[in-house]
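The values are calculated or read from the model by the stated rules, or taken from the named source; none is laboratory data. This one's a predicted model, so the numbers in the text were calculated from it and none came from an experiment. Cβ atoms come from the backbone with ideal geometry, glycine included; neighbour counts cover every protein chain shown.
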Amino acid sequence: MYKLSEIKITYIVFFLLLASISFDVFINQRSLSNDNFWNEVLRGYYYCVILLVFLLFIFWKKGLRFCEVVGTFNRKNLPFALEVVFFNIIVSYSTIYIIFYPLSFAYPNYIYEWLSSGPIIFYTYEGGYPLLPNFLMAILMVIFVPIIEELVFRGILINRLSVTFKTKTAVIISSILFGVLHTDPLSATLFGVVMAMIYIQTQKLIIPIICHCLNNLAAYVFIIVESMTDDTPTSDAIMAFQDSWLIGLFSIITLMILSLIYLKRGRLYNKLYA
């Protein structure tokens, strides 16, 4: 969309920096809770709500309606979204084992840091699982974050970059920037490419948003199940990761089979509005 290409990325970057500074100065310093998870939940909602309001204000200034940018939900698109999410899960597992499994033998300290440095989005407290902060974080990760990330990376960034670069280059740059913000940069970058392809094909964000929400939901459910069932000490995480090579092998074989099917049928494009 031409009007989206007029939105300057520097506005968003400046606004995020301002939001970060204002949170630390006016809110984080005055937090009433000593529990770190409440500070993280509050920070997440603070950023998302303010950025969403800011984006809506920009859309209004440019004469754009939210529904015009996002589009309308069609139940016929749900099976395709589920298919994309399943494919992305397989890609994520495959890339993790292809890259990090060999590194776990060569550079175990690096893999240890990677396994233990991920963001905490499911909280435990005194042996239990506090309901309200975990529920609020689930809503944040499954609904708010996907909507905002699709608006910024696919809606604004691709259109803005397309003014200077070719569309393919804009897709690659926006997807790499999207990927580096995640703990698994390669699979996140590939996911960004797929979301960009869908957006370019449809010129609406509704399908990427649905795919992104379902993908985050699947990831969040996996984290919950792992947190409640996996009692492996962090010090033994590398050994447990190395012992799970069958999962990686199954993921890679499945990815190869699905890739051959998709390449043969061209389903990414053909199923969008079939």
- line: When restricted to E83, E113, E126, E150, the only residue in contact with a Pro (Cβ under 9 Å, 6 or more places away or on another chain) and either over 17 Å from L217 (Cα atoms) or among the charged types (D, E, K, R) (or both) is E150
field: Residue among A240, A170 that is at pLDDT 85 or above and of a type outside the set (D, E)
entry: A170
- prompt: Out of all the residues in region 187-207, is one or more without any contact (Cβ under 8 Å) to a residue 12 or more places away in the chain, closer than 26 Å to L263 by Cβ and of a type outside the set (D, E, K, R)?
  reply: yes
query: Do the conditions hold for L260, that is, is it at pLDDT 85 or above and loosely packed, with under 11 Cβ neighbours inside 10 Å?
result: no
For V221: the one exception among (1) at pLDDT below 80; (2) among the β-branched types (V, I, T); (3) closer than 27 Å to P133 by Cβ: (1)
message: Checking F57 against (1) modelled with pLDDT under 85; (2) aromatic (F, W, Y); (3) farther than 21 Å from P185 by Cα, only one condition comes out false. Which one?
response: (1)
statement: Restricting attention to region 71-82, the residues that are part of a helix (DSSP H, G or I) and in contact (Cβ under 8 Å) with a residue 60 or more places away in the chain number exactly 5
- prompt: Does T189 qualify as being of a type in the set (S, T, N, Q) and at pLDDT 90 or above?
  reply: yes
query: Is there a residue in region 212-223 that is surrounded by fewer than 17 Cβ atoms within 10 Å (Cβ to Cβ) and of a type in the set (S, T, Y)?
result: no
- request: Could you please find all residues in region 74-124 being of a type in the set (A, V, I, L, M, F, W, C) and exposed (fewer than 12 other Cβ atoms within 10 Å of the Cβ)?
  value: F105, A106
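Picking from L64, L55, L51, L42, which residue would you name as being outside any helix (DSSP H, G or I) and surrounded by 15 or more Cβ atoms within 10 Å (Cβ to Cβ)?
L64
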